[in-house]
Structure formats: C-alpha cells, structure tokens
Amino acid sequence: MMSSRFKHRPLGRTLAGGVAAITLLWAVPSFAQQAAAPPSGPSDSAMVNLVQALVEQGVLTPEKGKALIDKALAEAAQVRAAQAQPAPAPNAQVASGELTPPPAGTVRVPYVPETVRAQIRDEIRNDVLAQAKAEGWAAPDKAAPDWVSNIKIHGDLRFRSASSFYGRDNATGFYTDVTAFNTTGPYDVSGNGSQLLPYLNTTRDKRNNMQIRARLGVEAKVAGFVDLGFQLATGDDPGPISTNANLTGGFQKRDVWIQNAYARAEFVPGLTAMVGRFDNPFRTTDLMFDPDLALDGVYGEADLTKLFGEKGFTFAVRGGAFPIEFEDENFPLTSPDKRNWRDRYMFSGQVELAKEFAGGIKADLSAAYHDFTYLRGHLSEPCDVFSASNIECSTDALRPLWASKGNTLMFLRQIDFQRADDPANAIQPQYLGLKFAYRVLDVNGSVSVPISDRVQAKLTGSYLYNFGFDPQNICKEGPQAAPITNVLVTDPTNTLQGACDATNPATFQGGNQGYGAYFSIGDPALFSINPRRARKGAWAVNLAYKYLESDAVPDSFTDSDFHLGGTNAKGYIIGGAFAPFDGITIGGRWLSANNIVDAPLKIDVLQLDLGFAF
C-alpha cells in the first residue's frame with residue numbers, strides 16, 4: 001500500500017519525484033557502490049539512498065524498494081569480484097568477458113545493465129500512473145474527461161443581401177395573403193361590407209434586404225450508441241421553413257428558436273431510430289421540402305446492406321410518423337358543445353438503392369411516399385354568422401397551417417343566409433381551406449462523377465405526383481365549396497363566375513405534378529445552400545430547373561426562396577460559391593420564376609451570401 005502521506009502530497013511534487021528518479025537512472029550509468037549488505041541507515045551508495053528516499057515519500061512501496069536495492073548491491077558485488085581478479089600479463093590474451101586493466105590513474109565506474117535500468121524506470125512510472133488514476137488527478141490514456149470527448153459543437157452564421165424583383169405585368173389585388181386571412185379573419189368576401197382583404201405584394205421591388213441566419217448545435221454521445229442533438233436558430237417567426245432574420249425594426253433584438261432537439265440511437269450498424277425534432281432525414285430535393293425544414297416525431301431506418309456487411313451497395317428502408325397539428329381540445333372556444341377532430345400527421349416511407357462503381361462513380365435512386373392526413377378542407381354545416389360577431393362554424397379548425405401560395409383553395413363556411421336581414425346583400429365572413437388532399441409520391445435519382453480529388457460533377461432529377469388530387473369531384477359539396485384559385489374565368493364580364501356554376505362554369509386549371517433537374521460541379525461541400533464547412537479553395541457552380549404545379553405538394557413546406565415560396569411556379573436557378581479560407585464562403589444565386597396558371601405573377605430573386613461555419 002502506498003504511503004498515506006502521498007495521497008495528500010501536491011501533484012507537482014509527486015510527479016517531480018518520479019520523473020527525477022527516472023531521469024537520474026537514465027542519465028547516469030551506475031549508482032551502485034561497494035557494500036556488503038543493505039544498510040539500515042544512510043549509505044555511501046547514491047543508488048541506495050535514492051531508492052530509500054522514494055520509499056519514504058511513497059513513490060515506491062517498501063517491497064519494491066528493497067528489491068531494487070538488492071539488485072543494485074548484487075550488481076556491485078559482481079563488479080567488485082571482477083575487479084579483485086589478478087591482472088593478466090601484459091601480452092596475455094584476455095579471456096572473453098573479462099575486463100582489460102585500465103591505465104594507471106583511471107577510475108572505473110561499474111556498469112548497471114540496460115535491462116535493470118529499464119525495469120526500474122517502468123516500475124516507477126507504473127506506480128505513479130496507477131496512483132494518479134486511482135485518485136483521479138490524471139488520466140493516463142486521455143487528455144480530458146469523458147464528457148469533453150463525447151461532445152461536439154458546431155455552428156454557422158450567414159449574412160445575406162436579398163432582393164426581390166416583380167414583373168411589370170403582374171396582377172394586382174388578386175393574390176390573397178392566406179396566412180393573414182386565416183390568422184386575423186374571418187374576412188367578409190361579399191363586397192357588401194367595409195372590410196378590406198389582405199393581399200400579397202406583386203408589384204413593388206424590394207432591394208438589398210439584409211438578413212442573418214445564425215445556428216448553434218451541440219451533439220453528445222450517451223451510452224456509446226445514442227447521440228443527443230440540440231440546435232438553436234434565428235428566425236422572424238416560428239414557421240417551419242425559414243430561419244432568416246431580417247435586420248430591421250429599430251435595432252430590436254432577434255428571436256432564437258429551438259430548431260432541433262432529438263435522440264438518435266444506432267442499435268447495430270445499419271439500424272437507426274430517432275425521436276424528437278431533427279433535420280429532414282429523407283433523401284429528397286427542395287421541390288418537395290425546403291432545405292431548412294425540420295421534422296417533429298419518430299423515425300426509423302434500416303440499411304440492409306450495412307446489417308449484412310455489404311460494401312459498395314446500399315439498400316435502405318426509412319419511415320416515420322410526424323405530427324403536424326394535434327386536435328384542439330377546446331373547439332369551438334365559444335360553445336359549451338365541443339367537437340372532436342382527428343390529429344393531422346405526415347406518415348412517410350422511403351426505399352433507396354445506391355451503387356458505387358469503378359472510378360468512384362455513384363448512382364442513387366429513391367422513392368418516397370408522404371401521406372399528409374386531414375389537411376383537406378370541408379364545407380361546414382349551415383352556420384348562422386349573423387346572430388353573433390364571434391360565431392365559430394363547424395369546420396373552422398380545418399384552416400391550413402403556414403399556408404403560402406399556389407395550392408387550390410376553397411371557402412370553409414356554409415353560411416345560412418336565411419338568418420340574414422337582407423340575404424341578397426348579406427356579408428360573408430369566411431375562412432380559407434385546401435381543396436385537395438396530399439398523398440405525394442417523391443422519386444429522386446442522381447449520378448455523381450469524380451473529376452479530381454476535390455471536384456465532382458453531380459446530376460439529380462426529381463419527380464412528384466399527388467394521388468390526393470381529385471379534380472373530377474371538385475363540385476361534390478356544391479357551389480359554395482367550389483375552388484376559388486387556379487380557375488380561368490371564361491366570361492370576363494362575369495366576375496362572380498365559378499367553377500361549379502350550373503351553366504357556363506369557369507375552367508379549373510390546377511395540376512398535381514412537379515419535376516426538377518439539378519446540376520452541380522465543384523466541391524460537394526458547396527452543392528447545398530446550407531454548407532456546414534468548406535475548405536480553403538473550394539468552389540462550386542449550381543444550376544437547376546423547376547416545374548411545380550399548384551397541388552403537387554402542400555405549399556407550406558416547399559422551397560421558400562423560389563418564387564418566394566409556394567407552388568404553381570416554374571423557372572430556373574443559377575448560382576455559385578467559393579471558399580477563400582477554411583470555414584468561410586462567399587456566394588450568390590439568381591432565382592427566376594413565373595406562375596404556371598392563374599393571373600400573371602413573375603418574381604426574380606437575387607441572393608448574395610457571406611457565410612462562416614465551424
């Protein structure tokens with residue numbers, strides 16, 4: 001057992017003693033002096049005195065100290081015996097292993113074998129390190145505690161100048177701000193009242209809007225197979241897609257939101273599960289989901305090729321359940337009779353096949369199916385909006401969350417005009433809902449070809465098809481539930497003409513498909529608009545063409561930059577980026593888009609970015 005005094009001795013003093021002993025034994029050939037037996041007090045042997053001092057200070061145990069002294073004395077005795085032998089004749093041949101007599105006046109220093117010195121060093125070092133590990137004041141195999149090596153911190157900051165340019169022929173007073181309409185409504189759409197409707201800007205350019213996006217993330221390893229992730233991000237609102245914060249508002253402080261909070265476990269290589277809020281784990285493009293979109297819920301993935309140890313080939317299956325909105329337990333708020341609503345979810349599944357060929361060429365093909373449940377609106381029961389100003393109708397809860405523009409809309413309320421004093425001139429306070437369901441097939445394929453160590457060319461194609469699109473039954477709930485957007489009026493003199501009129505109905509023009517082509521060349525780290533970190537000298541050029549019909553996907557979750565968000569848009573994107581230093585990038589994009597159907601709406605967007613990442 002180590003001396004109890006050692007346990008309370010300062011770390012520096014203890015280490016100094018051990019290091020001094022090792023250094024002294026390494027540098028000096030021998031400390032062994034002539035002695036007959038182990039001394040009980042101070043000795044004339046430096047070796048004996050040094051070992052006794054280390055024993056007294058607790059660096060060596062008494063047993064190991066005695067063993068070292070015995071070895072040193074034995075070596076000294078052997079040297080003395082050899083020196084006591086008669087000197088051979090001057091011309092006599094010296095036997096192998098015998099010492100040649102030194103010249104007159106020479107002082108011989110006995111030699112301690114290397115094996116003995118190495119053993120002494122190792123024993124002292126092992127004793128010191130064992131004591132350090134036991135008492136927790138040093139870790140022999142690590143430079144820091146476990147929690148330090150188990151945590152990774154990453155972050156990025158992007159400064160952007162964003163400009164929006166609107167076409168001169170764009171329609172005015174036509175495109176409704178759906179989010180404002182449903183959030184601050186209901187709004188009277190009859191034209192008989194004095195209430196003004198909220199409209200989107202379609203004509204006034206917005207130049208050089210300054211924005212920042214800041215994100216800070218932490219990842220930690222737990223139990224060896226579980227990763228915890230947490231990320232904070234800026235944003236002007238709690239919406240699902242954009243994390244940009246506009247630098248305006250009289251120097252007001254910026255909001256910070258929880259972007260990610262999740263636990264991910266890899267039970268065996270290839271079998272992964274996640275719960276919480278996390279980055280979109282599906283292989284997809286911005287035609288389907290905005291790159292900043294994070295999902296809430298549970299997710300699982302089985303990479304079968306990893307499970308069976310295959311290399312160069314991937315066959316993976318993914319799936320999850322992601323809540324969009326839980327039912328309001330207190331709807332209607334103003335009625336004692338509450339209604340039940342089903343929770344809104346996105347249920348998703350995906351299959352991916354990938355293969356790596358000779359020369360580093362990679363091909364990837366995936367197919368996903370996303371079922372957005374209960375997003376579709378329905379016409380309410382007959383609703384008396386004239387008896388009270390705060391009346392709630394039976395389907396008001398079916399308003400879409402974070403709606404943008406492009407999806408086909410309908411009115412949710414079936415107003416009971418018989419309750420009005422003047423039915424012919426009655427007001428119509430309404431909410432807006434989605435006309436169709438969304439069950440979307442998302443197919444993606446890509447081929448990447450390496451050109452050099454840091455340059456790669458990649459071509460990606462994407463195709464979308466919404467099986468929930470049902471134009472044949474758009475008049476199933478009657479004229480009051482007819483589509484009110486993506487409709488071509490065939491009689492310009494009849495501004496009230498609808499798609500479900502009994503005679504001469506307006507023509508419905510919505511669609512349910514989308515496709516896109518993406519080409520990038522350069523450093524793959526800069527193929528995305530959200531690069532984590534790029535090395536000095538990295539560069540990339542990115543090109544894309546997109547065509548997205550009105551009801552191919554929910555307009556709440558698709559790319560928020562192209563056409564300034566939403567669906568019913570077609571056009572191209574060209575951009576590039578360069579890294580002048582490690583972790584610093586500069587880049588720009590030009591996004592030009594026009595609507596496919598409905599009134600003219602052309603929007604071009606210019607983005608100039610300066611990014612920092614670690």
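FYI, it's all coordinate maths here, none of it is from the lab. This is a predicted model, so every value here is computed, not measured. Methodologically, a virtual Cβ is constructed for each residue, glycine included, from the backbone with ideal geometry; neighbour enumeration extends over all protein chains shown.
What trypsin sites (Lys or Arg not before Pro) in region 536-614 are in a loop by DSSP, with at most 11 other Cβ atoms within 10 Å of the Cβ?
Values: sites: K536, K546, K570, R589, K602; in loops: K536.
Listed in order of number, the matching sites are K536.
Sequence-ordered 3J(HN,Hα) estimates for region 467-482 from the Karplus curve with 6.51, -1.76 and 1.60 and θ = phi - 60° stand at 6, x, 6, 9, x, 5, 10, 5, 9, 4, 9, x, x, 5, 9, 5 Hz, glycine and proline given as x. Cα gyration tensor of region 197-293, axes a ≥ b ≥ c as square roots of the eigenvalues: rounded (a/c below 1.5), prolate (a/b > b/c) or oblate? Prolate is the answer for region 197-293, as a/c is 1.5 or above and a/b outweighs b/c. In order along region 61-68, the Karplus-derived 3J(HN,Hα) couplings, from 6.51 cos²θ - 1.76 cosθ + 1.60 at θ = phi - 60°, round to 6, x, 5, 5, x, 4, 5, 5 Hz, and Gly and Pro are given as x. Separation of region 229-250 from region 358-435 is 27 Å, based on Cα centroids.
I need to check one value: relative contact order of region 138-286, counting alpha carbon pairs closer than 8 Å and at least 6 residues apart, in percent. Could you put the intermediate results ahead of the total?
Details: 229 pairs, mean separation 30.2, N = 149.
So the answer I get is 20 percent.
Taking Lys and Arg as +1 and Asp and Glu as -1, the other residues whose beta-carbon sits under 15 Å from that of L304 total -1. Net charge within 11 Å of G588 by Cβ-Cβ distance, Lys/Arg positive one each and Asp/Glu negative one each, not counting G588 itself? Summing Lys and Arg as +1 and Asp and Glu as -1 gives +1. Each residue of region 582-591 was assigned a 3J(HN,Hα) from its phi angle through the Karplus curve 6.51 cos²θ - 1.76 cosθ + 1.60 (θ = phi - 60°); the sequence is 4, x, 10, 10, 10, x, x, 9, 10, 10 Hz, with glycine and proline shown as x. Note on region 546-614 and region 278-297: Cα centroid distance 16 Å, given to the nearest whole angstrom.
On the beta carbon distance between A223 and V351, with R0 = 30 Å, the FRET formula returns roughly 0.50.
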